[in-house]
Amino acid sequence: MTMGLFSKIKEMFKSSEDEEEIIEEEVQEDDEVSEEEPEGIVEEETEAEETSEEEVEEEPEVEEKTEEKPEPVIEEVVEEKPVEKKKVKKEKKKEDKKKDIKIYEKGLSKSREGFVSKLANLTNKYKKVTDEYFEELEEILIMADIGVNTVMDFIDRLRDRVRKEHLDDPSELKEIIVDELFIIYVNDEILTNKINFNEEDISVILFVGVNGVGKTTTIAKIANKLKSEGKKVMMVAGDTFRAGAIEQLHEWADRAGVEFYGKEENTDPSSVLYDGIEKAKEIGCDVVLVDTAGRLQNKVNLMNELEKMNNVVSKLVEGGCSETLLVIDAGTGQNGINQAKAFKEITNITGIVLTKMDGTAKGGIVLAIKEEVGIPVKFIGLGERMEDLVSFDIEKYIYGLFKDMM
């Protein structure tokens, strides 16, 4: 059987891990060599010093000193070669990739231990692929929050492959299962996890989502990420109705080391946003991150409020909002998917941020959201630290989730 998609992904990431191990071994060997001092070097140096002293004594003294005008010192400006710059960039990219892989591995450990161990047990339980095997597989996938509709389509595709390729050994299906889950997410589309920045004007990003999903901390983590990339960022407190929301966002802005703008509670959110953008432009900010209210139970009011905020941005910024990101708690499962569907009806959602992924053993929500809502996941929260919110990468996700299965 030819190498599947997962084998290629695993080989790609495994080679970077092996490379890291080799580098560490080489460093250890170099340290051992440097600890051994070669004999006789000290004695030779002292002899050379004595000889040079004798030579200095034999030289005749010069009585007349001719003053020479000091020549102007011309400092050579050594320009960094483009090749060296590319090399440094490439090395940094490799280091960032290794760092991200480790974050994915650690953050998806609960899902890997729960979901993947069940798949492994299923393979060991059956000697042949039967209807009972498919039924149990279906149940495992639904329990992993992949979503009923997605699972039904997936099982149909898998049955079709089993029939066409004449497969009857469950162990042969392990990689096919992973490949098909990957294909479901990608679906022949060009996926992007990058933020759309406004090239002509200041970039404004709205964050929507129900209360308690980690919206405030997500804004702070993205602010920290953008700041590390050299951008000047302002956080605007647009959720003026929830008690303590303004102070909480202000505190996180201070932690992230970025600008903050807010007013008193119960102030009109659109007026806060208007003044916040004006202030951000005045002090030369590149990006404005806006917190919004999360009262999904009152759809009409929330829809009107978000529409009004979008109109404010369109008046002040050429091209309007750069992004509207929906924040969802990964542990809420099907309820999170329902939230995505509801918010999609209210406003134009451009991407999803999945938080608290490290706290759930059900890693399938990523696939379900993409399949059922059609919105790409742009960020994924894999821990509590600032750096644990990373850009979503389907290959790293698949590797982190299934690396122990093969």
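See the values below:
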{"quantity": "Cα centroid of segment 168-230 to Cα centroid of segment 136-153, whole Å", "calculated": "22 Å"}
{"quantity": "Computed over segment 261-402: relative contact order in percent, which uses C-alpha pairs under 8 Å that are six or more apart", "calculated": "16 percent"}
{"quantity": "Charge dipole (debye, nearest 20) of segment 313-391; +1 at Cβ of Lys and Arg, -1 at Cβ of Asp and Glu", "calculated": "160 debye"}
{"quantity": "Accessible heavy-atom area order of Lys110, Lys231, highest first, probe of 1.4 Å", "calculated": "Lys110, Lys231"}
{"quantity": "Links that overshoot a 29 Å alpha carbon limit, given the list Lys99/Lys362; Lys281/Lys356; Lys127/Lys370", "calculated": "Lys281/Lys356; Lys127/Lys370"}
{"quantity": "Per residue convex hull volume, Cα atoms of segment 149-289, in Å³", "calculated": "170 Å³"}
{"quantity": "Percent accessible area from carbon and sulfur atoms, segment 153-209, protein chains only, probe 1.4 Å", "calculated": "43 percent"}
{"quantity": "For segment 275-314, alpha-carbon Rg over 2.2 N^0.38 Å", "calculated": "1.40"}
{"quantity": "For segment 248-406, convex hull of alpha carbons as volume per residue, Å³", "calculated": "138 Å³"}
{"quantity": "Inter-site label distance for Val148 and Ala120 at 7 Å from Cα along Cβ, in nm", "calculated": "3.1 nm"}
{"quantity": "Theoretical FRET efficiency, 1/(1+(r/R0)^6), r = Cβ-Cβ of Lys227 and Asp156, R0 51 Å, to 0.05", "calculated": "0.65"}
{"quantity": "Equivalent ellipsoid, segment 319-381 (semi-axes from 5 times Cα gyration tensor eigenvalues, Å)", "calculated": "20, 12, 9"}
{"quantity": "Computed over segment 214-286: relative contact order in percent, which uses C-alpha pairs under 8 Å that are six or more apart", "calculated": "34 percent"}
{"quantity": "Computed label-point distance, nm, for sites Lys308 and Phe134 using a 7 Å Cα→Cβ extension", "calculated": "5.4 nm"}
{"quantity": "Computed magnitude of the charge dipole of segment 153-256 (debye, nearest 20; Cβ of K, R +1, Cβ of D, E -1)", "calculated": "560 debye"}
{"quantity": "Hull shadow area, averaged, segment 145-230 [alpha-carbon convex hull, nm²]", "calculated": "9.5 nm²"}
{"quantity": "Dimensionless Rg/Rh of segment 208-334 - Kirkwood Rh, Rg from C-alpha atoms", "calculated": "0.94"}
{"quantity": "Net dipole in debye of segment 118-162 [+1 Lys, Arg Cβ; -1 Asp, Glu Cβ; about Cα centre; nearest 20]", "calculated": "320 debye"}
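The values are calculated or read from the model by the stated rules, or taken from the named source; none is laboratory data. Computed from a predicted model, the values in this text were never measured in an experiment. In this analysis, Cβ positions are derived from the backbone assuming ideal geometry, glycine residues included, and neighbour counts consider all displayed protein chains. Protein only, heavy atoms only, side chains kept; ligands, DNA and RNA dropped before computing areas. Shrake-Rupley method; radii C 1.70, N 1.55, O 1.52, S 1.80 Å.
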